[in-house]
Structure formats: structure tokens, C-alpha cells
Number of protein chains: 2
Amino acid sequence: MSADRPEPVRRLPRAQRREQILVAATEAFARSGYAATGLDDIASEACVTRVILYRHFDSKTDLYQAVLDRMCARLDAHVDEPVGGFSDASVDGLLAAAIESPAGFRLLFQHALREPEFKERIEKFRADITAAAFLQIAAVVPDKALARWAAQLAPVVAIEAIIAWLDAGQPEPSRAAARVRQAVMGVIGAAVASEVDCSLPAPARTEDHP
Amino acid sequence: MSADRPEPVRRLPRAQRREQILVAATEAFARSGYAATGLDDIASEACVTRVILYRHFDSKTDLYQAVLDRMCARLDAHVDEPVGGFSDASVDGLLAAAIESPAGFRLLFQHALREPEFKERIEKFRADITAAAFLQIAAVVPDKALARWAAQLAPVVAIEAIIAWLDAGQPEPSRAAARVRQAVMGVIGAAVASEVDCSLPAPARTEDHP
DNA sequence: CCAGTTGTGTACTTGAAAGTCAACATAAGG
DNA sequence: CCTTATGTTGACTTTCAAGTACACAACTGG
């Protein structure tokens, strides 16, 4: 029979294969981070064997760096602010990057940022945003330590808001950016308020509205 | 001479040594998570050798579980709400736990929550809070998906606010809880607002106050 | 003061994951 | 059609961290 060949074994041009591996690696790393992800996990995610990875990347570290660089480049492309401000455009850019590659977004901000070996790559990014946020917040918050707190929290909230938005199924995409900004504003508001003693809404009863 | 003995080699009663190891392990794990932390890192952090760890714990996994359990127990002790609501008391409890053990707090919510192997232990905790938050938010936010977004984000913001507060040097401890609540309220407000198009404060110039 | 119990350290074994090698398969060019 | 360059693979070696065995040291009770 002519069906002797078990699998046609699809072959791809080099650049395309490399891209496929990067995508697969992003997915795999995004699940558990660098250390907990084996090269076999990545290989099976990309539907190739482990050796292929070495044909395109020198080592596991090299591959991870490539994944990170690729995602950082995307971020830079979307949110390229010359003076590095934390403004409306920043949120729009972050959101666009997150839509383009949710796994990459999670990888960067949930895993890579906590891995001492690699954090400095993203730390630069975060530090810039935090510094910019501090300047803006310090203008309205006299207390230095308080301003630092808010400045550190604001970018985190923006990022977590975007991740939560992804998890919630990306509801009303057109207004997402505005809501993220609103959430950040709320956080800044908490720092501005000088004499606050607010309470959260009363714990809702299950039968609260008949 | 009587000073022949190089080091007196201080020995501790079992319970005390175990506690010391747990503290050290919490610190070490909090730096890089489970997979990226070697037993040698923990041992040197505790100023003992790796073998001692096995005298107190069966395996690396067992040790990690013990660390997590210890921290979860602390959380439960501080924020024991029978019906599991996300209220003022919850924030107070979280804050108290974070003060008691910053490293443990970070470990739980920055690392363990992202480790598939162990996340379920904390996931129960987080899911309860998120569910409670959803009930409260759903009462004021008609859109289901939007409410889910806010419900998922609110606890995260509370936690991140506390972590940022730790990083900022724990400014004004007496008002910290109120500010955290305020930040959470701000986030909920972002979900409530039906027609939002707010902007962040204008990017501050570097030479804004001479 | 001596013996038993328990905590501690040095040196070793083991297993899993990273990294390597030589052969096969497939498409393009002479 | 045959050669060649490159994508692909199964099987192998190496390396490092988890886990183990045995010898030593210190406190406790007789």
C-alpha cells in the first residue's frame, strides 16, 4: 500500500519553526515559570522533540531569554514613551500587548518578575513606570513614604487589572482601558485621602434584592 | 588549653530547631519559590547542614507543605470569618498576618499561588474571598462578566496593596488598613461607574517644585 | 562519673533533567 | 535522477540537586 509512511512529518522553514517554538515556550513557561518547566514540556507543547530546541537555541536559559526579549520588544513597541511617563497611553499599550499575547503578559509580570536570575530585564521596565508614577503622585501626596507606596502599587494594579480582565473573559473590550485607568485612579485616591476611615460595602446577604 | 573546642556547636531542643528551620525556609522560599530554591539555600539560611532538614522533615515537598500550612494557619487565625465574607475584618486580618510574617505572606500570594502543585491549598482561601466579593459587587454591578472581573481583582489589589506597603517601609501603620480598604473601594468604583472616560493625572515635569 | 538518647556533620548514592551525537528524511538545485 | 543542505529523531552522556548511611558530639538520667 502507498500509506506505508506513518506520518508525513511536516517541515517548516527555519524562521517559522523558531517562531512556533517561541510561542509554545511562552505558553509552557507561563504555566509554572522557568525552573519548574522542563524542556520536554516545551517540546511537546510545540509538537517537536527536545533536540529541535537546541537546533534553534543554545540552552534553556537562551530560549527563556529569547522568549522574554520577544515579549519585552512587543511591550516596547506598544508603549514606547520617550520620557517614560505613566499615562493613558501606557495603559492602552499594556492592554494591547496583553491582548496580543496573554501568556506572554502573564509570564513577564507573574513569573519573570519574581525570578532573581531574570528579573532585571523587566525590572527596568517596571522601575521606569514606578518612577514616573512617583513623580505624578508626589505632586498630590505630600508624605514621601506614602507616595512611594502608591507609586509602587499603581503599576501593579494596572497589570493585575489587565490580568483579571483576561481571566474574566475580556468583557467589553472597548471600555477596558478606561476601567483600568479608573481602578488606578481609585488607588491613587486612596493615597490622597488624608483622613480616611471608609468601610467596604456591607457583606451582601444571599437574598439581598427580592 | 581549654579553648581547644573550635565551636561549642549550639544545640537546640527539637521543637525550637524545627521552628527555626521553618522560619529560614519561609525566607528562602519567598525569594524564588519552590522549584528554584535548593535545600542547601534553606540549610545555610538556617545555619545548619542539609541533613538536619531531613531529621525534621521527610522531603523537600514535606518541608514546603509545612511552611505553607504554618502560614495558612496564621492566616486562618487572623481572618477567621465563619461565613467567609470580604469585609473590613478581612483586610485587618490579612494585614496582621503580613506584619507577623512578611516573607510568608509574599511566599503564599506571590509564589505558591502560581505553583500548580501547591496552589490548591491557597486557592481555597482565595476562592472564598473572591466568591464573597462577587456577591457584594454583583449587588451594585449588573453586568455579570464585569462583576466577575472586579470580584477577582479586589482581593488581588488588597494583597498587592499590603505587599507594596511592606516594601514601602510600612508607613503610618495605624491607617494602613483604612488605605487598603480605600484602594479596594476605588477598584470596585471603577467597575460601578457606567460611563467612564477618565484620564490619569497629567505627567508631572521633573522640575515641578524647586 | 558513666551510659543511653538524640542532634549534628562529612561523605556517599541516586535519579531526573540538561545537553550531545550520529543517523535518517525531505525538499531544492545541478 | 542524483547530490546537497537542512529539518528531524532515538539513543546516549553529563551534571547537579535530592535523598541516605554512618560516625561523632552533646545533653539527660542513673
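Some points to look at:
- Other residues whose C-beta falls under 10 angstrom from the C-beta of A:ARG114 contribute a net charge of +3, scoring Lys and Arg +1 and Asp and Glu -1.
- Within a straight-line Cα-Cα reach of under 22 Å, A:LYS60 can be paired with the following lysines, leaving aside sequence neighbours fewer than 8 residues apart in one chain: A:LYS119.
- Taking the Cα centre of the range B:62-133 as origin and assigning +1 to Lys and Arg Cβ atoms and -1 to Asp and Glu Cβ atoms, the resulting dipole is close to 220 debye.
- Peptide A:163-173 has a mean shielding of 5, counted as Cβ atoms of other protein chains within 10 Å of each residue's Cβ.
- The range B:103-159: radius of gyration over Cα atoms, expressed as a fraction of 2.2 N^0.38 Å: 1.23
- Taking Cβ atoms as reference points and 11 Å as the exclusive limit, the residues near A:PRO155 contribute a net charge of -2, counting Lys and Arg as +1 and Asp and Glu as -1.
- Dipole magnitude of the range A:43-162, debye to nearest 20 (Cβ charges: Lys/Arg +1, Asp/Glu -1, about Cα centre): 340 debye
- Residue and distance (whole Å) for the chain B Cβ nearest the axis that superposes B on A: B:GLY186, 1
- Rounded, prolate or oblate (a/c below 1.5 giving rounded, otherwise prolate when a/b exceeds b/c) for the range A:47-139 by Cα gyration tensor: prolate
- Taking a ≥ b ≥ c as the square roots of the eigenvalues of the Cα gyration tensor, an a/c ratio of 1.5 or more together with a/b larger than b/c marks the range B:22-180 as prolate.
Read-outs: derived from the displayed coordinates by stated rules, not from any lab. Small disclaimer: the values here were computed from a predicted structure and weren't measured. Every residue, glycine among them, receives a Cβ derived from its backbone with ideal geometry; neighbour counts consider all protein chains shown.
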